[in-house]
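K.L.:
Take a look at the following structure, please.
The values are calculated or read from the model by the stated rules, or taken from the named source; none is laboratory data. Bear in mind that the values here come from a model prediction, so they are computed numbers and not experimental data. A quick note on method: Cβ atoms are made from the backbone with ideal geometry, for glycine too, and the neighbour counts reach across all protein chains shown. Just so you know, the surface numbers come from the protein's heavy atoms only, side chains and all, with ligands and any DNA or RNA stripped out. Shrake-Rupley method; radii C 1.70, N 1.55, O 1.52, S 1.80 Å.
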Amino acid sequence: MPESDSRPASNLPPLSLHIPEPRYRPGDTPDFGDIAVPAVDATPRPSEDTKPDAMRDMCYGLVRVLDFDGVAKGLWDPKLSAERLRAMLRYMMLTRAFDERMFRAQRQGKTSFYMKCTGEEATSVASTMAIDRSDMCFPSYRQQGILITRDYPLIQMMNQIYSNRGDHLLGRQLPIMYSAPEHGFFSVSGNLATQYPQAVGWAMASASKGDTRIATVWCGEGSSAEGDFHSALTFATVYNAPVIFNVVNNQWAISSFSGFAGGERTTFAARAVGYGIAGLRVDGNDPLAVYAATQWAADRARTNNGPTLIEHFTYRSEGHSTSDDPSAYRAADEATAWPFGDPIARLKQHLEVLGEWDDERHQAQARELEDLVKTTQKQSEKLGVLGHGMHQPFETMFEDVFEDMPWHLKEQCDQMLAEQEAKFGPNWKPE
Amino acid sequence: MMSADTKTMNMIEAINSAMDIMLERDPNTVVMGEDVGYFGGVFRATAGLQKKHGKTRVFDTPINECGIIGVAVGMGAYGLRPVPEIQFADYIYPGLDQLVSEAARLRYRSANDFICPMTVRTPFGGGIFGGQTHSQSPESIMTHICGVKTVIPSNPYDAKGLLIAAIEDNDPVVFLEPKRIYNGPFSGYYDRPVEPWSRHEASAVPEGYYRIDLGKAATVRAGEAVTVLAYGTMVHVAKTVVEERGIDAEILDLRTLLPLDIDAIEASVKKTGRCLIIHEATRTSGFGAELAALVQERCFYHLEAPVERVTGFDTPYPHSLEWAYFPGPVRIATALDKILKD
């Protein structure tokens, strides 16, 4: 190398490559004592039109409402009626009961795949309750709570999970990849964070048409690493789009802890700082805090004050999916050691403190919801389950690739029908 | 250079062994990808490698395929030999800019100043009820890029030898692993019991180093009546059908799609005068179109029947109708009958 005007580095100690490592692995006893738990009424509540650079601290704090004795405190208390609180509890309990049952159905060989949201129910149920029924949701794969909160028929969810005769997606999609436009629920993709820029586009369209509706979108902390996430935030800040970004930080992306998405360095809410948008970090296991933060962001968006990024700090109590075995990579007791408890237990306790609920009613409701899910499951299974017969006319495979079927697909469809006859005879009908 | 000690391996174990050996032999080899480190990969292909070779040589990455491939290009520029994993081939699309515009052209645009000795491993193909986002076969996208080699093994022995050759290659290689046959060859009859690799001769895999040069097809079965061109899972389905029907077919397992073993194809088709091409990927602009064009360009005057293609249909991979979609025994037999009818 020729001499040049540079600063020699060769006399410095060797560099080393940092590879993030979670604190606890199988066999370890987890201790989350060092996770900062700010006092429940310590977090200020800026007005909804606050400039993003004047509220940066919110990205590093934690919006909380419920203390660990079940008392609602502080400026963020949304002061919901007992009736709404009970509705919220019911939706979360129904989501959990649904998850339990469908997980078991997969284990019984009735479908190929399932994903639970256990411990994260508040992040979809409470946030859906805090927006308008007509606002558009762009979910990831773990927001079944949105559909349940918007009273989407459970049987339609199950029919989709079973890919059966009643599945309005015609068995095309992997289980839980629902689509429900009439419930403001965008078609779920199996690819990660792709919904993020799409939500911004929907919000931009709404703004450009002078509509009043806003968009909300969810992803996990793991998929916030995808480029789509950053594309979305860039467009949202450029166009001041009326959108709420939810990052459900449940600590684990399959086997990768949040450190592999940058969680060792800063909060996920703080992604907002670089883009100049509002950010809130919220206790995702506190349904009232989730509600309050979403309400704040919705009011902000609806008054042309722009997007908000909400980090829901929570914990994925179960595996990533039915294909996952978390005991292979994380400590067994993490979920119970999680300092923020369980969202259903916390809301139950709050209602009890208010004198609006008791254990007896709770157990009765749990049984009622289990029965509801079980009865619905039986109805759905009458329409078939995956792997036991084929439930759709084979022609449906070729429909909806385009609005009108081009010649080559018609030809292939004919070929497939001839194959069907060869395999099953001329009188075969979907089972 | 064959080691005397062999072991029965399935395809995952053979792929794992290839990476293990290359990590051992070449301190510049690094393995990276989503969940590949401590956990050992969602299909277990990297199980035990981090523990053995250390965290800076086998490590997890953020969920960002553009980043995984882009970072691998940069590591290659430094002098490392990265082996990134994309968890499913269906997830490779966010990384395509780095693959198409960067990795594939780095040598060319810098006139050899920089190279990209990267091997992108990725599971592909259907047959596991993965739906449209865990079942695709994007090999023709890879072969359409100028500057990326494309390799698809069909058994444990080949998987190991080809992966070692791919890692040692100084150009970018996309190594597509047919996930349906990770644990056993597949006859195409989804309702029959799964056969383990241990009953297949290609599960006898040398424990040590060996390589199978890229660009060489394998003759799975010699024959005179028709040439069947296949790769990956479809090699086994083709073999089942041909044997069931007692057809004297010559089956070529292409193993490397690019560079293609054109000599083997030409010799076989000139001998048999008939050619069937089978792939699971969608039909239009699929790799079969390229093969059909090459065969007619080079063997036209030897052909006794039109070249036929058996493929997946031009629709997204359906979830519940997976087995109506899959190019199974009926579709293959129908095409063979057509080719052989006069």
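K.L.:
Separation of region A:39-75 and region A:194-258 by C-alpha centroid, Å?
P.N.:
Using only Cα atoms, the two centres lie 22 Å from each other.
K.L.:
Normalized C-alpha radius of gyration of the protein assembly as shown, against 2.2 N^0.38 Å?
P.N.:
Dividing the Cα Rg of the protein assembly as shown by 2.2 N^0.38 Å gives 1.01.
K.L.:
Can you give me the angle between helix A:287-302 and the longest principal axis of chain A, using Cα atoms only, in degrees from 0 to 90, rounded to the nearest 10?
P.N.:
Relative to chain A, helix A:287-302 is tipped by roughly 90 degrees.
K.L.:
Please give me the summed charge of the neighbours of residue B:52: other residues whose Cβ is under 14 Å from its Cβ, Lys and Arg +1, Asp and Glu -1.
P.N.:
+2
K.L.:
Determine the shielding of peptide A:17-27 by partner chains: average, over its residues, the number of Cβ atoms on other chains within 10 angstrom of each Cβ.
P.N.:
So the per-residue partner count for this stretch is 3.
K.L.:
Amide H to amide H, which residues 5 or more places from residue B:150 or on other chains are under 5 Å from it, using H placed in the peptide plane?
P.N.:
Distant-sequence amide H within range of residue B:150: B:174, B:257, B:258.
K.L.:
Still on this model: Sort B:250-257, B:101-108, A:331-338 by packing, meaning the average of other beta carbons within 10 Å per residue, with the highest value first.
P.N.:
Final packing ranking: B:250-257, B:101-108, A:331-338.
K.L.:
Treat every Asp and Glu Cβ in region A:328-406 as -1 and every Lys and Arg Cβ as +1, leave all other atoms uncharged, and give the resulting dipole magnitude about the Cα centre to the nearest 20 debye. Show your work: numbers first, answer last.
P.N.:
On the way: 8 positive and 17 negative charges, 71 e Å.
Dipole of region A:328-406, to the nearest 20 debye: 340 debye.
K.L.:
Could you compute the net charge surrounding residue B:218? Neighbours are other residues with a C-beta less than 11 Å from the C-beta of residue B:218; K and R count +1, D and E count -1.
P.N.:
Residues close to residue B:218 contribute a combined charge of 0.
K.L.:
Can you list the lysines whose alpha carbon sits under 19 Å from that of residue B:341, skipping same-chain ones fewer than 8 residues off?
P.N.:
Cross-link targets: B:270, B:271.
K.L.:
To continue, here is another question. Taking the Cα centre of each part, how many Å lie between region A:276-328 and region A:364-431?
P.N.:
Their Cα centres are 36 Å away from one another.
K.L.:
Say each of residue B:170 and residue B:216 gets a label point 7 Å from the Cα, pointing the same way as Cα to Cβ; how far apart are those two points in nm?
P.N.:
Here the answer is 2.1 nm between the modelled labels.
K.L.:
Mind telling me which of A:167, A:358, A:135 comes out most flexible in a GNM of chain A, alpha-carbon contacts under 10 Å?
P.N.:
In this elastic network of chain A, the residue with the biggest mean-square fluctuation among A:167, A:358, A:135 is A:358.
K.L.:
I'd like the orientation of helix B:156-168 relative to chain B: the angle between its Cα long axis and the longest Cα principal axis, in ° from 0 to 90, rounded to 10.
P.N.:
50
K.L.:
Mind checking the mean number of beta-carbon atoms from other chains within 10 Å of the Cβ atoms in A:219-226? Before the final figure, lay out the partial values.
P.N.:
Numbers: counts 1, 1, 1, 4, 3, 3, 8, 8.
What the average comes to for A:219-226 is 4.
K.L.:
A further question on this structure: Quick one: pull the percent of accessible area on region A:352-431 belonging to carbon and sulfur, 1.4 Å probe, ligands and nucleic acids left out. Don't skip to the end; give the middle numbers.
P.N.:
On the way: 2480 of 5010 Å².
Reported share for carbon and sulfur atoms: 49 percent.
K.L.:
Mind checking which of A:362, A:183, A:408 has the largest fluctuation in a GNM of chain A, springs on alpha carbons under 10 Å?
P.N.:
Of A:362, A:183, A:408, the most mobile in the Gaussian network model is A:408.
K.L.:
Show the residues, 5+ positions off or on another chain, whose built amide H is closer than 5 Å to the amide H of residue B:59.
P.N.:
Amide H neighbours of residue B:59, under 5 Å, 5+ apart: B:31, B:32, B:33.
K.L.:
Check the straight Cα-Cα distances from residue B:51 and name the lysines below 24 Å, setting aside those fewer than 8 residues away within the same chain.
P.N.:
Answer for residue B:51, where 24 Å is the Cα cut-off: B:7, B:160, listed by chain and number.
K.L.:
At a 10 angstrom cut-off on C-beta neighbours, averaged per residue, how do the peptides A:266-278, B:262-274 rank from highest to lowest? Mind dumping the intermediate values first?
P.N.:
Details: A:266-278: 21.4, B:262-274: 18.8.
Output ranking for A:266-278, B:262-274: A:266-278, B:262-274.
K.L.:
Right, next: Once you place label points 7 Å from the Cα toward the Cβ at residue A:353 and residue B:334, how far apart are they in nm?
P.N.:
6.7
K.L.:
Going by alpha carbons, how many degrees (0 to 90, nearest 10) lie between the helix axis of B:329-340 and the longest principal axis of chain B?
P.N.:
50
K.L.:
Continuing with this model, one more query. Near residue B:239, which lysines are there with a Cα under 18 Å away, not counting those fewer than 8 places off in the same chain?
P.N.:
B:338
K.L.:
Summing both sides, how much accessible area is buried between A and B? Use a 1.4 Å probe and give Å² to the nearest 100.
P.N.:
3700
K.L.:
Report the local net charge at residue A:40: Lys and Arg +1, Asp and Glu -1, summed over other residues whose C-beta lies under 11 Å from its C-beta.
P.N.:
-4
K.L.:
Moving to a separate point now. Name the residues of region B:88-111, by number, that are at least 10 Å² less accessible with every protein chain in place than in the isolated chain; the surface is that of heavy atoms, probe 1.4 Å, without ligands or nucleic acids.
P.N.:
Those residues are B:90, B:91, B:94.
K.L.:
Separate question: Between A:374, A:73, A:382, find the one with the highest GNM mean-square fluctuation for chain A; connect C-alpha pairs within less than 10 Å.
P.N.:
The residue with the greatest mean-square fluctuation here is A:382.
K.L.:
If you average the alpha carbon positions of region B:1-56 and of region B:214-256, how far apart do those two centres end up, in angstrom?
P.N.:
29
K.L.:
May I pose another question? Which value in nm describes the separation of the simple spin-label points at residue A:16 and residue B:195, placed 7 Å from the Cα toward the beta carbon?
P.N.:
If labels sit at residue A:16 and residue B:195, their model points lie 5.2 nm apart.
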